[in-house]
Amino acid sequence: MLKNKQSFSSDVDNDQLKITLESISEGNTEGYLWSDGKFYFLWDLGNVVFYLFGESPDSEHLENLTRLYEKEVRGKAESEAFSYFKVNDLTGISEDSVRSVFGLGEYKMLKKYFYRYTKGSVKGFESSVDELEIVDIDEDLLESKELKNFELIKNEIEWMWPSLERYFQKGYGKASLIDDEIVCWCTAEYVSEGRCGIGIETLEGFRQKGIATVTAAVFIDHCLKNNVAPYWECGAYNEPSVKLAERLGFHKIDEYQVLLGKF
């Protein structure tokens with residue numbers, strides 16, 4: 001597991017990698033880091049992403065990384081029932097080298113956007129659903145068997161966080177209810193001091209009603225009141241997510257390509 005946050009994150013100039021490193025080192029995301037002090041290989045188990053960073057690896061590094069992937073990573077991934085992974089290479093090695101390390105035949109390249117909320121406040125938004133109620137995602141909500149779809153939030157948190165207990169200690173989120181049904185939720189992911197990522201989902205049938213916008217705005221307001229800078233990641237191909245981030249006032253700080261492969 002990653003230790004000594006300051007020895008890594010303080011020297012990283014990529015915001016997404018930085019918040020991932022900090023969250024892992026603070027115990028809020030699961031991950032593994034291998035390094036020889038110059039080249040680094042990080043496995044983020046939250047979104048199942050492999051980061052390559054540090055100095056550009058030479059042939060010996062790549063050979064060692066290939067053995068590491070085959071002997072340690074692939075088996076654990078299969079035991080965890082992971083299907084797909086993404087590779088975010090920050091060293092500039094060739095696409096063919098990445099494919100070779102991870103033993104890929106078929107793969108896809110995906111364009112991603114990364115946003116940060118830089119405004120001091122979030123403007124008010126309204127939903128077309130009058131009976132909408134927004135509540136905290138806390139222990140009481142996740143233990144309430146009377147609310148429909150609570151298990152969907154619980155499953156997402158258990159995927160992104162080391163445990164529910166850790167989320168209750170360090171996490172936060174907002175859920176939108178219509179009567180006894182949870183229809184949208186927004187949770188903190190990759191949490192560290194002064195930073196967090198955002199996970200958001202709206203159930204089909206409740207989209208295009210402004211519910212996600214209102215839910216996310218309430219979440220952002222919570223972050224700002226607690227001196228937390230929220231971040232938003234989405235695929236460039238995910239037009240609804242891109243539009244929502246920009247409607248809320250997020251500022252795009254990075255565009256990049258990731259390789260999508262299968263274990």
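What follows is calculated from the coordinates using simple rules that are stated; it is not laboratory data. This structure is a prediction, so every number in the text was calculated from the model and none was measured. Note that we place each Cβ from the backbone using ideal geometry, even for glycine, and neighbour counts take in every protein chain shown.
So what's the back-of-envelope 222 nm ellipticity for the chain, counting only DSSP H runs of four-plus at -39500 (n - 2.57) apiece and dividing by all residues, rounded to 500?
Details: 10 runs with 85 residues, N = 263.
Result for the chain, helices only: -9000 deg cm²/dmol.
Contact order, relative form, for the range 6-112: 20 percent (alpha carbon pairs under 8 Å, 6 or more residues apart, mean separation divided by residue count). Each listed q (0.11, 0.14, 0.21 Å⁻¹) maps to a log10 I(q)/I(0) for the range 6-112, found by the Debye formula over equal Cα scatterers with no solvent: -0.33, -0.54, -1.31. Computing Rg and the Kirkwood Rh from the Cα coordinates of the chain gives a ratio, Rg/Rh, of 0.98.
Sequence gap at least 6, Cα distance under 8 Å: using those rules, report the relative contact order of the chain to the nearest whole percent. Provide the component values of the computation, followed by the final result.
Details: 459 pairs, mean separation 65.7, N = 263.
For the chain, the relative contact order is 25 percent.
Each Lys or Arg adds one and each Asp or Glu subtracts one; over the other residues with Cβ under 13 Å from the Cβ of Phe82, this totals 0. Compared with the dominant Cα axis of the chain, that is its longest principal axis, helix 59-68 is turned about 60°. Between the Cα long axis of helix 211-225 and the first principal axis of the chain there is an angle of about 80°, rounded to the nearest 10. Note on the range 77-199: Kirkwood radius taken over Cα pairs, Stokes-Einstein applied at 37 °C and 0.692 mPa s, translational D equal to 184 µm² s⁻¹.
Considering Cα pairs under 8 angstrom that are at least six residues apart, work out the relative contact order of the range 132-254 and quote it in whole percent.
On the way: 165 pairs, mean separation 24.2, N = 123.
Answer for the range 132-254 is 20 percent.
So, counting K/R as plus one and D/E as minus one, what does the shell of residues with Cβ under 14 Å around Cys234 add up to? Walk me through the intermediate numbers first.
Numbers: positive: Lys86, Lys111, Lys112, Arg116, Lys243, Arg247, Lys252; negative: Glu189, Glu201, Glu233, Glu239, Glu246, Asp254, Glu255.
The answer is 0.
Over the range 6-112, what is the percentage of antiparallel beta bridges among all DSSP beta bridges, to the nearest 5? Mind showing how you got there, number by number?
Details: 11 of 15 bridges.
For the range 6-112, the DSSP antiparallel bridge percentage is about 75.
Counting only Cα atoms, the range 99-168 measures 52, 33, 24 Å along its principal axes, largest extent leading. With N the number of residues in the range 20-76, Rg(Cα) / (2.2 N^0.38 Å) evaluates to 1.14.
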